[in-house]
Amino acid sequence: RTAAFLRADLFDVKKAAVRLTTHLEMLHKYFGPDALKRPLQYSDLSKIEQDVFRAGYNQVLPSRDRSGRLVAFLKGFKKEHSMATRIRLLLYIYCAISEDTETQKKGLVCVYVPNLEALVYLADKEVQKDYKVVVSSFPVRWSGLHFCFPDTPMYRIIGAIIVVVFMGTDERVRMKTYTGLTMETQYQLMGYGISTHDLPITSSGSLKTKTHHQWIKTRKAIDQVRLAGHYNSFTGIVHPGVFDVLFSRGGNPSHHGNRELHQAIGQRIPAFTASTSRKVKKDLRDEVIGLVRSRNGRFLQLNHNGWWEEIQDMNIIHEKISAAVYENIRKAAAMKNQQQNKSDTDQFLPPNIKRRKLDADSFCSL
């Protein structure tokens, strides 16, 4: 635990000591003395708290940003949720996030999409006081904060108050505010390396919880391994790295490592198609494997439990890459045929028709 607090305060020993002390006080206050002896577990939450947590107000995205940091999605709690429930859930998820070494080193990115209920609740001075103490105890620092406030006067006023109260000078430098979670906002978030495809919220504001429930299932599995006394024996991978290559049903085309893989394969397609030698093709696949591993990437597959495992068998890796090569060749051939068919059709069109979608008037005039 100590390394996480040192990294959170960039190895400022005094600040890290204060953060650690505050964290232990919070754990003792809200979870009891047992929480000081071991990591928090999902079973430490009450049945009501588990139901609130499963609703998905706080989630960790399945993909990292381009810098390798985890991305947390936060949506305001409802007014019926007590302060103790909110704090216990925040402590639980931040303790789980802090177990990721890459995020300890580089910090956590947060995307906050609040509702008016949450902002009004946070406007209370007593609530602000409690929250500030809890936030100062988190074992991981914020490296990026993205606030998506709806464009209404009430949101702007209360949102400004919250930012001033909760954010210190360091946090404000790393903070960006947006007008709602519009398409323009999503493009801006993509510019910061965040996969908006994985944001667990629909255009109507409803929460998506499929990947969140899978994350909970994985945390339960980790808890079971630890209860058996094997603290570091869980071999599953909860959050793949940026340069990892993921193999699963349906594919993962949006994952950065997969895009890099297909780009590397695409550059070698002429060599693959020109050769009939198995040795040459194996050497080409070895080049691709070496390229992935030179970036500290791994080849991962999704198991039946829902978490990732590293593929150790080189024969299986070669089979997977062979399938990816075939898929790239098939797509390239299909694109070439489509372009050829389009070119052949053009000769039947009158020369004065522009290559654009015809509107109703121009179609009727033909």
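Things to note:
- Of all residues making up the stretch 160-215, the number that are open to solvent by less than 80 Å² (accessible area, probe 1.4 Å), in a helix (DSSP H, G or I) and aromatic (Phe, Trp, Tyr): 2
- A single member of PHE5, PHE11, PHE31 is more than 22 Å from the chain's Cα centre (by Cα), more than 29 Å from GLU80 (Cβ to Cβ) and surrounded by 17 or more Cβ atoms within 10 Å (Cβ to Cβ), and it is PHE5.
- Number of positions in the stretch 118-151 that are over 27 Å from GLY241 (Cα atoms) and assigned to a helix (DSSP H, G or I): 15
- Breaking point among (1) assigned to a helix (DSSP H, G or I); (2) over 26 Å from HIS239 (Cα atoms), for ALA4: (2)
- Positions within the stretch 300-318 being more than 17 Å from VAL238 (Cβ to Cβ) and either among the aromatic types (Phe, Trp, Tyr) or open to solvent by 30 Å² or more (accessible area, probe 1.4 Å) (or both), in sequence order: GLN312, ASP313, MET314, ASN315, ILE316
- Count of the stretch 184-202 residues which are in contact with a helix residue (DSSP H, G or I) (Cβ under 9 Å, 6 or more places away or on another chain) and either over 16 Å from ARG64 (Cβ atoms) or without any contact (Cβ under 8 Å) to a residue 12 or more places away in the chain (or both): 5
- Taking first residues from the stretch 306-325 that are in contact (Cβ under 8 Å) with a residue 60 or more places away in the chain and farther than 25 Å from LYS210 by Cα and partners that are part of a helix (DSSP H, G or I) and of a type in the set (Phe, Trp, Tyr), the Cβ contacts under 6 Å between residues at least 6 apart in sequence or on separate chains come to VAL325/PHE272.
- Residue selected from the stretch 45-78 under the condition more than 22 Å from ASN252 (Cα to Cα) and among the aromatic types (Phe, Trp, Tyr), by the criterion most open to solvent (accessible area, probe 1.4 Å): TYR57
- Yes/no for ARG156 being more than 26 Å from PHE5 (Cα to Cα) and surrounded by fewer than 20 Cβ atoms within 10 Å (Cβ to Cβ): yes
- The stretch 212-257 - residue that is farther than 24 Å from TYR42 by Cβ and over 15 Å from the mean Cα position of the chain (by Cα) and, of those, modelled with the highest pLDDT: VAL245
- Checked across the stretch 79-86, the condition of being under 24 Å from LYS217 (Cβ atoms), touching a Leu at 6+ places or on another chain (Cβ under 6 Å) and open to solvent by less than 10 Å² (accessible area, probe 1.4 Å) holds for no residue.
The values are calculated or read from the model by the stated rules, or taken from the named source; none is laboratory data. Just so we're clear, the structure is a prediction, and the values are computed from it rather than from any experiment. Reconstructed Cβ throughout: ideal geometry from the backbone, glycine too, with neighbour counts over all protein chains shown. Heads up: the accessible areas ignore ligands, DNA and RNA and are worked out on the full protein's heavy atoms, side chains in. Shrake-Rupley method; radii C 1.70, N 1.55, O 1.52, S 1.80 Å.
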